[in-house]
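Note sheet for the following structure.
Rule-based calculations on the coordinates, nothing more; no lab input. Model, not experiment: these values are computed from the prediction. Every residue, glycine as well, gets a Cβ built from its backbone with ideal geometry; the counts of neighbours run over all protein chains shown.
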Amino acid sequence: MTHNITLIPGDGIGPEICEAVKRCVIAAGVKINWEVAEAGADVLKKYGTPLPESTLESIRKNKVALKGPITTPIGTGFRSVNVAIRKELDLFVCLRPCKSLTGVRSKYKNIDLVVVRENTEDLYAGIEFEEGKTETLGLISEIEKLSKKKISKDSGISIKPISISGTKRIVKFAFDYAVKNNRKKVTAVTKANIMKFTDGLFFHAAREVAKEYNTIEYEERLIDNMCMQLVQKPELYDVLVLPNLYGDIISDLCAGLIGGLGVAPGANFGNGLAVFEAIHGSAPKYAGLNKVNPTAVLLSAVLMLRHIGEQASADKLEKAAAKVIAEGKSVTYDLKLNRDDPTAVGTSQMADAVIAAL
Ligand code: NAD
């Protein structure tokens with residue numbers, strides 16, 4: 001069967017990584033009709049927007065996309081394209097499995113955590129009021145009237161909406177994922193002791209959902225304590241479910257536990273659509289140098305192959321990548337003991353090694 005999949009190469013290091021990963025996927029024996037769609041800083045001039053409607057249409061039509069990282073232009077008035085794709089398509093789940101790989105240097109061994117991050121609400125909702133603007137001053141005086149608390153007039157304001165329905169659907173996803181993937185426990189993480197009406201609501205709604213899953217343990221942690229616990233005893237945790245901002249931060253922490261951004265995959269789901277992408281960004285300083293690690297996007301592609309039912313090819317590709325990394329020969333600079341190791345290979349050559357190991 002031939003699958004129709006949208007490929008968004010992105011910008012910065014995105015295009016070279018996507019090209020390398022595409023070759024690996026094809027070599028694993030999967031038949032894909034790639035529909036290349038543009039997004040990012042490089043298309044801003046051409047379309048007047050970094051996220052053309054045709055790209056969203058392509059994802060809606062094909063239902064599955066593989067995406068390279070995209071730079072967030074600073075000072076153009078455009079928000080993050082990555083956040084915009086998730087919001088426009090209501091991709092409310094950001095799934096980030098973090099599993100130790102032999103051969104990747106890390107202070108930790110045997111990490112096996114799954115971060116389930118809510119993708120559409122919270123401080124990422126994009127509802128912000130700039131310091132000094134008339135509407136901001138109006139909002140401040142309205143809030144002061146309602147809350148009987150003082151806000152400094154020279155404040156900027158960001159709004160943090162967290163809903164019962166938004167929380168229930170993300171927590172349900174976390175539990176369903178736990179059931180399907182033989183996981184034992186779901187831990188909800190917030191700062192509910194301070195933000196009672198948003199983070200507190202998240203815990204309340206999560207408890208309601210947890211009652212429906214009697215085979216999976218449920219527990220709650222506060223985000224500050226969770227950071228310390230993940231550093232001290234990550235083996236105590238399994239699936240973590242978090243609102244957007246905490247989920248973003250904890251994802252990077254968990255990526256750090258397994259050796260860094262170069263090996264941490266991710267996926268976004270919602271409404272029957274799925275967009276697969278690495279946690280890492282576009283690392284502009286390495287763009288076009290054939291230098292960075294393709295593993296994170298490659299493992300995102302492995303998640304994609306499982307999603308489209310290509311289990312055997314996914315397993316084959318994952319094993320081949322693990323073999324190349326464990327051997328430590330044909331790997332990029334970040335996987336070498338010494339970052340200046342002259343035997344480090346480029347993005348494309350690491351993909352060649354994975355293909356040879358298939
Ligand atoms: P980044 O992830 O791009 O880079 C941080 C550092 O991590 C790099 O300098 C590099 O040392 C290392 N790194 C990242 N990917 C690597 C790889 N594949 N192999 C080896 N090393 C790697 O983060 P940043 O510098 O904060 O962000 C750069 C741009 O990317 C920003 O515009 C940001 O908004 C954007 N961004 C996009 C996404 C996305 O597309 N989903 C995610 C995060 C950041």
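Residue selection: Lys46 fails the criterion of being touching an Asp or Glu at 6+ places or on another chain (Cβ under 9 Å) and in contact (Cβ under 8 Å) with a residue 12 or more places away in the chain.
Residues to consider are Lys285, Lys233; find the one that is within 16 Å of the ligand (Cβ to nearest atom) and out of contact with any Pro (no Cβ under 6 Å at 6 or more places or on another chain). Let's see the steps before the verdict.
On the way: Lys233 fails: within 16 Å of the ligand (Cβ to nearest atom).
The match here is Lys285.
Only residues that are surrounded by 18 or more Cβ atoms within 10 Å (Cβ to Cβ) and outside any helix (DSSP H, G or I) were counted in region 184-220, giving 10.
Residues in region 1-22 that are of a type in the set (D, E, K, R), within 11 Å of the ligand (Cβ to nearest atom) and part of a helix (DSSP H, G or I): Glu16 alone. Taking residues in region 232-255 that are farther than 17 Å from Arg183 by Cβ, and partners anywhere that are of a type in the set (Ser, Thr, Tyr) and part of a helix (DSSP H, G or I), the pairs with Cβ atoms closer than 7 Å and at least 6 places apart or on different chains are Asn244/Tyr124; Leu245/Tyr124.
When region 327-347 is filtered for residues that are surrounded by 12 or more Cβ atoms within 10 Å (Cβ to Cβ), touching a residue at least 40 places away in the same chain (Cβ under 8 Å) and more than 13 Å from the ligand (Cβ to nearest atom), the ones remaining, listed by number, are Glu327, Gly328. Of the helices (runs of 4 or more DSSP H) contained entirely in region 27-90, those carrying at least 2 residues that are of a type in the set (Asp, Glu) fall at 53-62. Looking at this structure, is Asn244 of a type outside the set (Val, Ile, Thr), buried (at least 23 other Cβ atoms within 10 Å of the Cβ) and within 16 Å of the ligand (Cβ to nearest atom)? Yes: the conditions hold for Asn244.
When residues in region 241-284 are screened for being closer than 24 Å to Thr55 by Cβ and of a type in the set (Phe, Trp, Tyr), 2 of them pass. Only a single criterion out of (1) farther than 22 Å from Gly270 by Cβ; (2) charged (D, E, K, R); (3) assigned to a helix (DSSP H, G or I) is not satisfied by Lys168, namely (1).
Aromatic (Phe, Trp, Tyr) and under 28 Å from Asn293 (Cα atoms), is that true of Phe92? Step through it out loud before you land on a result.
Details: aromatic (Phe, Trp, Tyr): yes; under 28 Å from Asn293 (Cα atoms): yes.
Taking the combined requirement at face value, the residue satisfies it.
Would region 176-186 turn up any residue that is among the hydroxyl-bearing types (Ser, Thr, Tyr) and in contact (Cβ under 8 Å) with a residue 60 or more places away in the chain? Walk me through how you get there before you give the answer.
We begin by selecting, within region 176-186, every residue among the hydroxyl-bearing types (Ser, Thr, Tyr); these are 177.
Retained after the next criterion (residues that are in contact (Cβ under 8 Å) with a residue 60 or more places away in the chain): 177.
Yes; the residues of region 176-186 include at least one that is among the hydroxyl-bearing types (Ser, Thr, Tyr) and in contact (Cβ under 8 Å) with a residue 60 or more places away in the chain.
Within region 96-117, not a single residue is more than 14 Å from the ligand (Cβ to nearest atom) and more than 26 Å from Leu236 (Cβ to Cβ). Identify all residues within region 62-82 that are within 26 Å of Lys285 (Cα to Cα), surrounded by fewer than 20 Cβ atoms within 10 Å (Cβ to Cβ) and either more than 19 Å from the chain's Cα centre (by Cα) or near the ligand (Cβ under 9 Å from one of its atoms) (or both); write none if there are none. Within region 62-82, Thr72, Pro73, Ile74, Gly75, Thr76, Gly77, Phe78, Ser80 meet the criteria.
If you filter region 10-37 down to residues that are within 23 Å of Ile74 (Cβ to Cβ) and out of contact with any Leu (no Cβ under 9 Å at 6 or more places or on another chain), you find that the one that is surrounded by the fewest Cβ atoms within 10 Å (Cβ to Cβ) is Pro15.
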